[in-house]
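The values are calculated or read from the model by the stated rules, or taken from the named source; none is laboratory data. These numbers come from a predicted model, not from an experiment. Note: ideal-geometry Cβ built from the backbone for every residue, glycine included; neighbour counts use all protein chains shown.
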Amino acid sequence: MLRVLSLAIVLVMTACSGSEPMETSPVVRSDPAAVAADWLQAVAEVDGPALTQLVEPGGLAVIAGVETNLRSAELVSLLQSGMSDDLLAEYWLQFRDDFAVFSGTTVSDLKVGEPAPLGAAGFTAVALRGGNGSGHVILRQTDAGWQVDFPATIGPSLIGPLGQYLTSAVDGDNAGLIAAAYRDFVTPGLDAALSLDPANARLEFEAEYIRQLAESVPPSP
């Protein structure tokens, strides 16, 4: 499965060579390493309410839509209404279980290292290590504090499908809304990923293609 494989690639990339919202008080999370650790624990436990707060929702919706090749109208619905509790639970359960299959280690075995600010403003990378490999999770600073940013974290492994999805969407009825989501969530995340891996020529080329295509689409009326 595309999502699972991309997650395994990202988190061990250097191995050996809707529902009604819950009435909870918002928490402003100021410690990136703590957010990364809480995210790993929440994934291991499939703790939907915690994951809703720990992961930036717009970028997650785009990634989920691209991974499952949603129709553009369905992706717009995810962006506007959010993912239901049942859909989130299914997503994270499969995320957790299939990650173990493809990576050879479990999410709960990953250890968090020190955060490192990135060249892209408002982003930081937190090192992860477990099993025989290491990688990073990238966080984005939002009104809720630091949150896991999925376009930055797994976007490089989905760079081809991300571009293909946008290319198909720009000729449809929802082009303006999809392009806006790419401008808001995907392009900044890819910039952050590129600042962590500046020698990645393919990522640089594809990210610039996505940027120019998204910027070429007029806003929705």
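Observations, loosely collected:
- Qualifying residue in region 116-123 (condition: modelled with pLDDT of 95 or more and within 11 Å of PRO32 (Cβ to Cβ)): yes
- Residues of region 181-210 that turn out to be over 22 Å from PRO117 (Cβ atoms) and either aromatic (Phe, Trp, Tyr) or surrounded by fewer than 17 Cβ atoms within 10 Å (Cβ to Cβ) (or both), as a count: 7
- Among the residues of region 42-85, those identified as of a type in the set (Asp, Glu) and closer than 19 Å to PRO161 by Cα are GLU67, GLU74.
- The number of residues in region 173-221 that are more than 30 Å from ALA127 (Cα to Cα), at pLDDT below 95 and either in contact with a Cys (Cβ under 7 Å, 6 or more places away or on another chain) or of a type in the set (D, E, K, R) (or both) comes to 1.
- Checked against (1) aliphatic (A, V, I, L, M); (2) touching a Phe, Trp or Tyr at 6+ places or on another chain (Cβ under 7 Å); (3) within 20 Å of THR68 (Cα to Cα), ALA192 meets all criteria but (3).
- Applying the criterion of at least 2 residues that are small (Gly, Ala, Ser) and surrounded by fewer than 20 Cβ atoms within 10 Å (Cβ to Cβ) to the helices (runs of 4 or more DSSP H) found wholly in region 73-179 leaves 85-103, 159-169.
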